[in-house]
Amino acid sequence: MTLRHMKIFCAVCDADCNTTRAAENMNMTQPAVSLAIKELEQYYGIVLFDRIGRRLKITPAGENFLQYALRISAQFNDMEREMRNWDSVGLLRVGASITIGSQFLPGYVKAFYIRHPGTEVQVTVAPSERLERAIMNNKLDFALIEGISHNPAMYAEEYMEDRLSIIASPKEGFRQGQRLSLEQFKRQRFLLREQGSGTREVFDKAASNAGISVKPIWEATSTTALVNAVINGLGIAVLPHRMIQGALERGLVVTIGAEGMDFRRSFYILRHKDKYLTPAAKSFLDLCRNYEMDYPLPKYNGLI
């Protein structure tokens, strides 16, 4: 059993258990991929995939092996990148969820470039679930997310507090600071972030804790789209407070409250427990932890 076997196994899993697609991704032949899987199964005396018709389905033993294979492959790739670039400053691969990526990350990266002008920062802004998968596949060094991870292989560190606000249109009769009963609140038309986002996770948790179920009429990955929908009287939205300050100051929306709803949340640094952090990575994370003390917080005015 070699590292090559593990990488082929991971490639098959990443290709939705499709050996043909995995072979194409690795520039190999399909029989060579199938042979590598067969050799792994013979070596350990286990079945990694169930063969159902022409499709493969990973077994519990395969799931367990995948965790080891991902971890070992990631550490090997880290070593390769680190040793081959020992004399250069290197590349930092940073992920961020939508809110952090649009609001905070540009400031983080700008401040980091001033401190480390030779380091390149490669950024991925995506929903939290996708970022977690990228970390597991060693495509990101770490990510800054709004929600929490339930993956035991991940280490999550709280680094900033934040809160969500309920916004509504004053043209629809809502007043700044107005407080709704829980019954009034759940009867509203909701415009929410998409499932899997940190913002949506905070909302769903608060709604569940209050004992209510909400079905949104709009779901979007764009905060701008949701704010503009509120301005046009299509419903109410629950969004990060800092993201709605521009519209709030211009009187286009008002913030309201709801009994029994708590929308406080935290931002987290997410990384794999076995991930080696370079000095540049540690410096970037220290900057994030202390950013509020060293730099003014941004305001969002992305309205169209």
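Gyration tensor over the Cα atoms of the stretch 1-63: the corresponding equivalent ellipsoid has semi-axes (square roots of 5 times the eigenvalues, largest first) of 16, 14, 10 Å. Convex hull volume per residue, computed on the Cα atoms of the stretch 15-128, equals 151 Å³.
Among 237-245, 277-285, the peptide with the highest mean count of other Cβ atoms within 10 Å heads the list, and the full ranking is 237-245, 277-285. Residues considered: Asp162, Asp16, Asp274. Largest GNM mean-square fluctuation over the chain, using C-alpha springs under 10 Å, is found at Asp16. For the stretch 72-163, chymotrypsin sites (Phe, Trp or Tyr not before Pro) meeting the loop criterion (DSSP other than H, G, I, E, B) and having at most 16 other Cβ atoms within 10 Å: Trp86. When only the Cβ of Lys, Arg, Asp and Glu is charged (+1, +1, -1, -1), the dipole of the stretch 50-135 relative to its Cα centre reaches about 340 debye.
Placing unit charges on C-beta atoms (Lys and Arg positive, Asp and Glu negative, everything else neutral), compute the dipole magnitude of the stretch 86-172 about its Cα centre in debye, rounded to 20. All intermediate terms of the calculation are to be shown ahead of the outcome.
Details: 8 positive and 11 negative charges, 53 e Å.
So the dipole magnitude of the stretch 86-172 works out to roughly 260 debye.
Evaluated at q = 0.12, 0.13, 0.22, 0.23 Å⁻¹, the base-10 log of the normalised Debye intensity for the stretch 102-185, with identical point scatterers placed on the Cα atoms, takes the values -0.60, -0.67, -1.13, -1.19. Phi angles of the stretch 105-120 translate, via the Karplus equation with coefficients 6.51, -1.76, 1.60 and θ = phi - 60°, into HN-Hα couplings of 4, x, x, 4, 5, 4, 5, 5, 4, 5, 7, 10, x, x, 8, 8 Hz per residue; Gly and Pro are given as x. For the chain, carbon and sulfur atoms together expose 50% of the accessible surface, with a 1.4 angstrom probe and every protein chain in place. Over every Cα atom in the stretch 43-84, the radius of gyration and the widest Cα-Cα span, Dmax, amount to 14.3, 44 Å. In the stretch 1-60, a dipole from Cβ-located charges (positive for Lys and Arg, negative for Asp and Glu) runs towards its positive end, and of Gln42, Asn18, Met1 it is Asn18 whose Cα lies farthest in that direction. Build a GNM of the chain with springs between Cα atoms under 10 Å apart, and of Glu157, Glu194, Glu183 the one that fluctuates most is Glu183. Filter the cross-link list Lys7/Lys38; Lys110/Lys205; Lys171/Lys205 down to pairs whose alpha-carbon distance in this structure exceeds 24 Å. Lys110/Lys205; Lys171/Lys205, as the Cα separations exceed 24 Å there.
If you put +1 on each Lys and Arg Cβ and -1 on each Asp and Glu Cβ, how big is the dipole of the chain around its Cα centre, in Debye rounded to 20?
Values: 38 positive and 33 negative charges, 120 e Å.
For the chain, the charge dipole is close to 580 debye.
Each of Ser208, Thr221, His272 was scored by the projection of its Cα onto the charge dipole of the stretch 180-304, and the greatest displacement toward the positive side belongs to His272; charges sit on the C-beta of Lys, Arg, Asp and Glu.
For the stretch 162-187 versus the stretch 1-42, the inter-centroid distance based on Cα atoms is 53 Å.
The values are calculated or read from the model by the stated rules, or taken from the named source; none is laboratory data. Please read these numbers as outputs of a predicted model, since none were measured by experiment. Neighbour counts run over all protein chains shown; Cβ positions are idealised from the backbone, glycine included. Please note that ligands, DNA and RNA were not included when accessible areas were found on the heavy atoms of the full protein model with its side chains. Shrake-Rupley method; radii C 1.70, N 1.55, O 1.52, S 1.80 Å.
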